[in-house]
Amino acid sequence: STIVELGAGDTTIANVAGATGGEILITTAAADNDGANIQLNGESFYFASAWPAYFGIRFKSDEATQDDFLFGWCITDTDLLGAMTDGVYFRKVDGATSVAFVAEKGSVEAAVAGVQTFAANTYYVYEIYFDGSYVHAYIDGVLVASIAATSLSFPNTEYLTPSLHYLSGEAPVNTATIDWIRAIQIQTT
C-alpha cells in the first residue's frame, strides 16, 4: 500500500468499530489528491487463457463528485490513477459523478464511459467477471459493460493483482468505507 499525501495531514486506513464481518475506513487528509493506493502483494491473475476470474467490491464514499477511485485488477504500481499501464477496472475521477469501466494494455485504454452515475453515502457492489472471451462489468448485479478479450487494449500479457485507489478531489477530508473485496481465478496446472 502507498499513502498519497500532498498536504500536511495523514490519510488513515482503519477498521470500522462494530461493523459486522469487518469493514475498513479510508479517511483522506485535508488536501486535494490525498488518499491511499492498495494492492494485494504479488501479481497472480492472468488473462491470456480461458481461466475464469472474478473481482468484486462492496463500498461507499461520502462524496459523489470530489473524489477519485479505481477498483479492479492492475499491474503493480504506486500511482494507479496516474501512471498505471495495464489493468481491468472501474474508475471515477474528481469533478464528475460518471463511472467508467476500463480495460488497459500498455497504457492504451478501451473504456466504456457512463456505466454509472455515482451517489454519495450509498453502498454499491462492483463486480468484474472474465469468462475467457469477454470481461463483463456488473454494478449491483446488473451487467453494465463487456469488453472482448480480442480488444487491443485487453491486458493479456501481464500478471495483475487486486487493486484499489481512493483519493480526495478537494481540500476537505473524504472517506470511503470498504465492506468486502473478493478476487478469485480458477486455474489448472
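The values are calculated or read from the model by the stated rules, or taken from the named source; none is laboratory data. Quantities reported herein were computed from a predicted structural model and do not represent experimental measurements. Methodologically, a virtual Cβ is constructed for each residue, glycine included, from the backbone with ideal geometry; neighbour enumeration extends over all protein chains shown. Please note that ligands, DNA and RNA were not included when accessible areas were found on the heavy atoms of the full protein model with its side chains. Shrake-Rupley method; radii C 1.70, N 1.55, O 1.52, S 1.80 Å.
So Trp51 ticks every box in (1) assigned to a loop (DSSP other than H, G, I, E, B); (2) more than 20 Å from Thr157 (Cβ to Cβ); (3) open to solvent by 10 Å² or more (accessible area, probe 1.4 Å); (4) of a type outside the set (Val, Ile, Thr) but one. Which box is left unticked?
The failed condition is (2).
I need every pair where a residue in the stretch 157-180 that is under 30 Å from Ser49 (Cβ atoms) has its Cβ under 6 Å from the Cβ of a residue that is open to solvent by 30 Å² or more (accessible area, probe 1.4 Å) and in a strand (DSSP E or B), sequence separation at least 6 or different chains.
Thr161/Gln39; Pro162/Ala183; Ser163/Gln39; Leu164/Ile38; Ile178/Ile24; Trp180/Arg58
Per-residue answers, yes or no, for (1) in contact (Cβ under 8 Å) with a residue 60 or more places away in the chain; (2) under 22 Å from Glu158 (Cα atoms); (3) surrounded by fewer than 20 Cβ atoms within 10 Å (Cβ to Cβ):
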| residue | (1), (2), (3) |
| --- | --- |
| Asp94 | yes, no, yes |
| Val102 | no, yes, no |
| Ala111 | no, yes, yes |
| Ser133 | yes, yes, yes |
| Tyr138 | no, no, yes |
| Val144 | no, no, yes |
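Would a scan of the stretch 68-82 turn up a residue that is within 16 Å of the chain's Cα centre (by Cα), hydrophobic (A, V, I, L, M, F, W, C) and at pLDDT below 95?
Restricting attention to the stretch 68-82, the residues satisfying the condition of being within 16 Å of the chain's Cα centre (by Cα) are 68-82.
From what's left, hydrophobic (A, V, I, L, M, F, W, C): 69-71, 73-75, 80-81.
Now restrict to residues that are at pLDDT below 95: 80-81.
Yes: the stretch 68-82 contains one or more residues that are within 16 Å of the chain's Cα centre (by Cα), hydrophobic (A, V, I, L, M, F, W, C) and at pLDDT below 95.
Condition (residue is within 18 Å of Arg182 (Cα to Cα) and either modelled with pLDDT under 95 or touching a strand residue (DSSP E or B) at 6+ places or on another chain (Cβ under 7 Å) (or both)) applied to the stretch 104-116: is it met by at least one residue? Walk me through it before giving the result.
Narrowing the stretch 104-116 to residues within 18 Å of Arg182 (Cα to Cα): none.
No, the stretch 104-116 contains no residue that is within 18 Å of Arg182 (Cα to Cα) and either modelled with pLDDT under 95 or touching a strand residue (DSSP E or B) at 6+ places or on another chain (Cβ under 7 Å) (or both).
If you take the residues in the stretch 153-173 that are polar (S, T, N, Q) and more than 17 Å from the chain's Cα centre (by Cα), which one is least open to solvent (accessible area, probe 1.4 Å)?
In the first step, residues of the stretch 153-173 are kept if they are polar (S, T, N, Q); the result is 153, 156-157, 161, 163, 168.
Restricting the remaining residues to those that are more than 17 Å from the chain's Cα centre (by Cα) gives 153, 156-157.
Working: Ser153: 8, Asn156: 47, Thr157: 82 Å².
Top of the filtered list is Ser153.
Which residues, counting only those in the stretch 18-35, are hydroxyl-bearing (Ser, Thr, Tyr) and over 13 Å from Ile178 (Cβ atoms)? Steps first, answer last, please.
Applying the first criterion (hydroxyl-bearing (Ser, Thr, Tyr)) to the stretch 18-35 yields 20, 27-28.
Within the stretch 18-35, Thr20, Thr28 meet the criteria.
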